[in-house]
Amino acid sequence: MRPLGFIFLLAAPVFAGDLRVGRAAVDITPPAGIPMAGYYNVRLAIGTHDPLHTKALVLEMDGAKAALVACDLVGVERTIVEEARELISKTTGLRGEQVMISATHSHTGPLLRPRFLAAIEGEPLEIARRYRAELPRRIAESVRLAEAGLTRAQVWFGAGREESLSFNRRFLMKDGTVRFNPGKLNPNIVRPVGPIDPEAPVVFFDTPERKPLATFVNFAM
């Protein structure tokens with residue numbers, strides 16, 4: 001793995017009085033025995049290698065607030081987003097529509113999608129149901145804590161390129177069809193169909209005294 005090559009475009013910082021930022025992380029690590037996402041067969045977690053979190057970033061400028069939340073999950077179902085937004089509206093100064101909730105697409109986190117849980121039964125299913133029921137509250141709690149920690153801030157932006165990790169998962173096949181994920185080293189693959197997005201944009205927040213607050217990164221694998 002080589003370091004990312006970054007060219008930072010340092011915009012003029014926005015100083016205190018204009019922008020406030022708060023950030024918080026809440027643990028959402030599931031217990032052992034929960035079904036794991038990202039597989040085509042049933043796999044149960046046997047322990048924890050790294051903790052999972054829901055991380056919230058709350059921004060406030062001129063009295064207007066917005067929040068960005070990233071969850072260490074393979075995805076976030078609409079019903080979970082709606083429940084979390086409702087709780088956020090009740091426990092913070094933000095309305096639900098001011099909150100964007102996303103996932104880091106972890107393939108070794110808990111399985112949450114109802115149609116996949118249909119293949120699970122017994123205690124693993126009960127563990128998954130209990131976890132799912134608690135998740136919106138933890139997402140809302142991360143936003144509440146981030147809002148409570150709002151502090152004067154300035155913002156910087158930079159962008160780098162990483163072209164060796166990503167790949168296009170749509171392939172032109174020898175029979176003329178285009179297939180999604182046709183399998184590694186499939187001899188019938190001709191070439192990928194379409195480009196990748198190598199840009200790695202970074203938004204960095206610190207205090208006017210240059211104390212780091214948060215880094216927000218979006219990279220399309």
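The values are calculated or read from the model by the stated rules, or taken from the named source; none is laboratory data. These figures come from a predicted structure and were not determined experimentally. Heads up, the Cβs are rebuilt from the backbone with ideal geometry, glycines too, and the neighbour counts pull from every protein chain shown. Heads up: the accessible areas ignore ligands, DNA and RNA and are worked out on the full protein's heavy atoms, side chains in. Shrake-Rupley method; radii C 1.70, N 1.55, O 1.52, S 1.80 Å.
Structure above, values below:
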| read-out | value |
| --- | --- |
| Residue within the range 65-86 that is open to solvent by less than 80 Å² (accessible area, probe 1.4 Å), at pLDDT 95 or above, part of a loop (DSSP other than H, G, I, E, B) and closer than 15 Å to ALA45 by Cβ present | yes |
| Residue pairs meeting the criteria (Cβ under 7 Å; at least 6 apart or on separate chains; first under 12 Å from ARG152 (Cα atoms), in the range 59-73; second in a strand (DSSP E or B)) | LEU59/VAL21; LEU59/LYS65; LEU59/ALA66; GLU60/ARG20 |
| Whichever residue in the range 93-124 is of a type in the set (Asp, Glu) and part of a helix (DSSP H, G or I) and, among such residues, is least open to solvent (accessible area, probe 1.4 Å) | GLU123 |
| Among (1) touching a residue at least 24 places away in the same chain (Cβ under 8 Å); (2) open to solvent by 40 Å² or more (accessible area, probe 1.4 Å) - the single one ASP206 does not satisfy | (2) |
| Any chance ILE127 is buried (at least 17 other Cβ atoms within 10 Å of the Cβ) and assigned to a loop (DSSP other than H, G, I, E, B) | no |
| Top-ranked residue in the range 209-221 [being more than 15 Å from the chain's Cα centre (by Cα) and exposed (fewer than 12 other Cβ atoms within 10 Å of the Cβ); ranked as nearest to SER106 (Cα to Cα)] | PRO212 |
| Test: residue in the range 82-102 that is within 20 Å of GLY38 (Cα to Cα), within 17 Å of the chain's Cα centre (by Cα) and among the basic types (Lys, Arg) | no |
| Output for the range 197-221, where each listed residue is β-branched (Val, Ile, Thr) and either closer than 24 Å to TYR39 by Cα or not in a loop (DSSP other than H, G, I, E, B) (or both) | VAL202, VAL203, THR215, VAL217 |
| Pick from the range 191-203, criterion out of contact with any strand residue (DSSP E or B) (no Cβ under 7 Å at 6 or more places or on another chain) and not β-branched (Val, Ile, Thr), ranking: surrounded by the most Cβ atoms within 10 Å (Cβ to Cβ) | ASP197 |
| Some residue of the range 41-51 being surrounded by 21 or more Cβ atoms within 10 Å (Cβ to Cβ), at pLDDT 95 or above and of a type outside the set (S, T, N, Q) | no |
